[in-house]
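The values are calculated or read from the model by the stated rules, or taken from the named source; none is laboratory data. Quantities reported herein were computed from a predicted structural model and do not represent experimental measurements. Here Cβ is always computed from backbone atoms with ideal geometry, including for glycine, and neighbour counts include all displayed protein chains. These area figures cover heavy atoms from the full protein model, side chains too; ligands, DNA and RNA do not enter into them. Shrake-Rupley method; radii C 1.70, N 1.55, O 1.52, S 1.80 Å.
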Amino acid sequence: MEVKTNKRRGDPGKPPGLHRTAGCTVELISSHNRVFDYLSDIQNRPQWERMSSGSSVQALVNITTGPDPRNCISVLAMSNHKDILILQECCTDATGSYVIFAPISPDVFQSMLYGVDQEVPLMPFGFSILPNVSGSILDGTLLTMVFQITVKNVSSKQAVEVVTQIVKEALQRIIEAVN
C-alpha cells in the first residue's frame, strides 16, 4: 500500500485542500475481463464500495464511447445518497481495462446538462485492470486501485488510516467476489 499527500491550491479541475491518495496492486486468479465486468456492473457496486453499501444504484445516463458497449460514461445515483452522483467511465480492450469514477453534486450535473461552461473540480479514483501475462498465475489479472479523500478536521494519521482501510476493504471484497 502506498499513501501520498497532496496540497492543492487552485489547481485547475482539482478541489482545493489537503488530499490523501492510497494505491495498491494485487494479483488475482480471474481473467481481466471477469474483473472488469464485475467492477463495471453497477449492481455489484454496493458489494465492494463503502459509500454505496446498503444502497441500490441506478444509471441516470449511459453513453457508449465505442463499438464495445461496455466502454461507456455513466452518471450513477445511489438510493442512500441523494446529495451525490457518481460520474463513471469504463473502458476495456485486449490490452487492459479501467473503471474510473468521481463524485459530483446533482447541481453540477444539472449545469453540465444545460451546457453551463464551468470548471468542475473532480476527485477521481478507481481501478486499472491488466492481464497478467508474466506473473505466477496464468490468465490472471493485476488489479490496481487508487482512492483519494479530502482531509478535513482529522489528523494526518487518521486520514492515512481511513484511506488505507477503504482500499483494503474494497480490495478484499473484490478478491472474494472474483476469485
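Residue-wise test of (1) open to solvent by less than 70 Å² (accessible area, probe 1.4 Å); (2) at pLDDT below 85; (3) within 30 Å of Ser134 (Cα to Cα); (4) part of a loop (DSSP other than H, G, I, E, B).
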residue: Gln88; (1), (2), (3), (4): yes, no, yes, no
residue: Cys91; (1), (2), (3), (4): yes, no, yes, no
residue: Pro103; (1), (2), (3), (4): yes, no, no, no
residue: Asp107; (1), (2), (3), (4): no, no, no, no
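Can you tell me which residues in segment 52-68 are in a strand (DSSP E or B) and open to solvent by 60 Å² or more (accessible area, probe 1.4 Å)?
Those that are in a strand (DSSP E or B) and open to solvent by 60 Å² or more (accessible area, probe 1.4 Å): Gln58, Leu60, Asn62, Ile63, Thr64.
Which pairs have Cβ atoms under 7 Å, sit 6 or more apart or on different chains, and link a residue in segment 27-50 that is of a type in the set (Asp, Glu) to one that is not in a loop (DSSP other than H, G, I, E, B)?
Glu27/Asn132; Glu27/Gly140; Glu27/Leu142; Glu49/Ala170
For the subset of segment 125-161 comprising residues that are among the β-branched types (Val, Ile, Thr) and without any contact (Cβ under 8 Å) to a residue 60 or more places away in the chain, which member is most open to solvent (accessible area, probe 1.4 Å)?
Val133
Any idea how many residues of segment 69-83 are open to solvent by 40 Å² or more (accessible area, probe 1.4 Å) and either free of Cβ contacts under 8 Å to residues at least 24 places away in the same chain or over 30 Å from Gly140 (Cα atoms) (or both)?
Within segment 69-83, residues that are open to solvent by 40 Å² or more (accessible area, probe 1.4 Å) and either free of Cβ contacts under 8 Å to residues at least 24 places away in the same chain or over 30 Å from Gly140 (Cα atoms) (or both) number 7.
Whether any residue in segment 99-119 is within 22 Å of Val26 (Cα to Cα), among the β-branched types (Val, Ile, Thr) and touching a strand residue (DSSP E or B) at 6+ places or on another chain (Cβ under 6 Å) is what I want to check.
yes
Look at Leu39 and say whether it is among the hydrophobic types (A, V, I, L, M, F, W, C), at pLDDT 95 or above and either farther than 16 Å from Tyr98 by Cα or buried (at least 17 other Cβ atoms within 10 Å of the Cβ) (or both).
yes
May I ask you to list the residues in segment 109-124 that are open to solvent by less than 80 Å² (accessible area, probe 1.4 Å) and either in a strand (DSSP E or B) or of a type in the set (Ser, Thr, Tyr) (or both)?
Selection gives Ser111 alone.
Condition (residue is hydroxyl-bearing (Ser, Thr, Tyr), within 26 Å of Ser156 (Cα to Cα) and surrounded by 15 or more Cβ atoms within 10 Å (Cβ to Cβ)) applied to segment 11-25: is it met by at least one residue?
Within segment 11-25, one or more residues are hydroxyl-bearing (Ser, Thr, Tyr), within 26 Å of Ser156 (Cα to Cα) and surrounded by 15 or more Cβ atoms within 10 Å (Cβ to Cβ).
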